[in-house]
Ligand SMILES: NC(=O)c1ccc[n+]([C@@H]2O[C@H](COP(=O)([O-])OP(=O)(O)OC[C@H]3O[C@@H](n4cnc5c(N)ncnc54)[C@H](O)[C@@H]3O)[C@@H](O)[C@H]2O)c1
């Protein structure tokens with residue numbers, strides 16, 4: 001087991017990518033803090049993990065609010081006695097053009113999708129530094145952080161920010177033996193903010209199938225395990241090779 005004795009916070013762990021990441025980390029021996037705004041979703045994932053013999057606890061937290069984040073980190077350390085891993089997975093999208101999106105909507109998308117990885121990393125890192133055991137942080141970006149889109153104006157801006165935030169955090173936390181990396185998914189499971197998997201969702205990649213949440217979970221596991229000891233500040237594409245195809249000539 002790769003994460004025996006470790007404690008991991010996974011934000012947005014109530015479904016899809018976060019859910020499968022929580023379940024895979026648990027299989028690898030970690031105790032899981034299932035963090036989600038939706039209480040019922042979080043509790044269902046915890047029940048599944050516990051039924052499978054793992055250790056998990058649900059924490060209701062709005063990652064768009066710093067007070068919630070501070071409380072959540074404290075509660076996790078109090079519940080499990082330590083904190084080793086943080087996966088900043090929660091995000092929302094806007095699906096709006098620059099003319100449709102209101103300033104309020106823009107601010108909410110940025111708060112949850114970009115500011116939250118900053119603040120959660122900051123408060124988790126403070127706990128990790130105080131404990132002196134090092135740690136691992138994985139930020140979930142998106143291929144939407146590398147390309148423009150005709151909508152999702154705030155989401156694309158936020159996800160681009162996540163990539164460079166990851167590099168600054170990696171530099172600043174390296175002296176504390178906290179490794180920070182990002183993963184870059186494309187079309188994994190259901191679209192962000194949706195429950196249903198649409199098998200007709202168009203997919204153009206080199207693998208020839210849509211991604212499933214476990215594809216991303218396995219990449220995140222690699223980045224939080226000792227297998228990736230020499231990998232710091234990188235952005236690992238988990239996109240079936242879709243960004244390898246030259247735009248316009250695919
Ligand atoms: N699904 C994809 O195809 C895809 C593609 C590229 C990137 N991503 C990224 O992967 C990550 C996970 O995506 P997903 O599709 O699994 O998302 P999802 O919408 O299926 O699940 C997100 C979870 O986060 C929770 N959440 C939302 N707002 C929250 C808040 N303010 N505080 C706490 N929890 C909150 C939701 O309740 C939900 O359980 C996101 O960062 C997303 O941008 C996903």
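Here are the numbers for this structure:
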{"quantity": "Among (1) under 23 Å from residue 18 (Cα atoms); (2) at pLDDT 95 or above; (3) within 14 Å of the ligand (Cβ to nearest atom), the one test that residue 170 misses", "calculated": "(3)"}
{"quantity": "Residue match in segment 207-217 (condition: surrounded by 11 or more Cβ atoms within 10 Å (Cβ to Cβ), more than 13 Å from the ligand (Cβ to nearest atom) and either in a loop (DSSP other than H, G, I, E, B) or at pLDDT 95 or above (or both))", "calculated": "yes"}
{"quantity": "Residues (within 12 Å of the ligand (Cβ to nearest atom) and free of Cβ contacts under 8 Å to residues at least 24 places away in the same chain) located in segment 66-101", "calculated": "68"}
{"quantity": "Odd one out for residue 204, checked against (1) more than 10 Å from the ligand (Cβ to nearest atom); (2) not in a loop (DSSP other than H, G, I, E, B)", "calculated": "(2)"}
{"quantity": "Meets criteria (surrounded by fewer than 16 Cβ atoms within 10 Å (Cβ to Cβ) and farther than 24 Å from residue 125 by Cβ) for residue 148", "calculated": "yes"}
{"quantity": "Filter result (assigned to a loop (DSSP other than H, G, I, E, B) and surrounded by fewer than 17 Cβ atoms within 10 Å (Cβ to Cβ)) within segment 218-232", "calculated": "229, 230, 231"}
{"quantity": "Evaluation of residue 155 against (1) buried (at least 18 other Cβ atoms within 10 Å of the Cβ); (2) closer than 17 Å to residue 211 by Cβ (one fails), failing number", "calculated": "(2)"}
{"quantity": "Within segment 184-201, considering residues that are crowded, with 18+ Cβ neighbours inside 10 Å and near the ligand (Cβ under 7 Å from one of its atoms), the one modelled with the highest pLDDT", "calculated": "185"}
{"quantity": "Options 109, 163; residue that is within 15 Å of the ligand (Cβ to nearest atom), at pLDDT 95 or above and surrounded by 23 or more Cβ atoms within 10 Å (Cβ to Cβ)", "calculated": "109"}
{"quantity": "Segment 32-46, subset crowded, with 23+ Cβ neighbours inside 10 Å and touching a residue at least 40 places away in the same chain (Cβ under 8 Å), residue farthest from the ligand (Cβ to nearest atom)", "calculated": "33"}
{"quantity": "Identity of the residue in segment 6-21, closer than 16 Å to residue 222 by Cβ and within 11 Å of the ligand (Cβ to nearest atom), that ends up surrounded by the most Cβ atoms within 10 Å (Cβ to Cβ)", "calculated": "10"}
{"quantity": "Residue match in segment 146-158 (condition: within 22 Å of residue 224 (Cα to Cα), within 13 Å of the ligand (Cβ to nearest atom) and in contact (Cβ under 8 Å) with a residue 12 or more places away in the chain)", "calculated": "no"}
{"quantity": "Members of segment 187-219 found to be within 14 Å of residue 242 (Cα to Cα) and touching a residue at least 40 places away in the same chain (Cβ under 8 Å), listed by number", "calculated": "187, 188, 204, 205"}
{"quantity": "Of the criteria (1) more than 16 Å from the ligand (Cβ to nearest atom); (2) surrounded by fewer than 16 Cβ atoms within 10 Å (Cβ to Cβ), which one residue 135 fails", "calculated": "(2)"}
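The values are calculated or read from the model by the stated rules, or taken from the named source; none is laboratory data. Note that this is a predicted model, so its numbers are computed, not measured. Every residue, glycine as well, gets a Cβ built from its backbone with ideal geometry; the counts of neighbours run over all protein chains shown.
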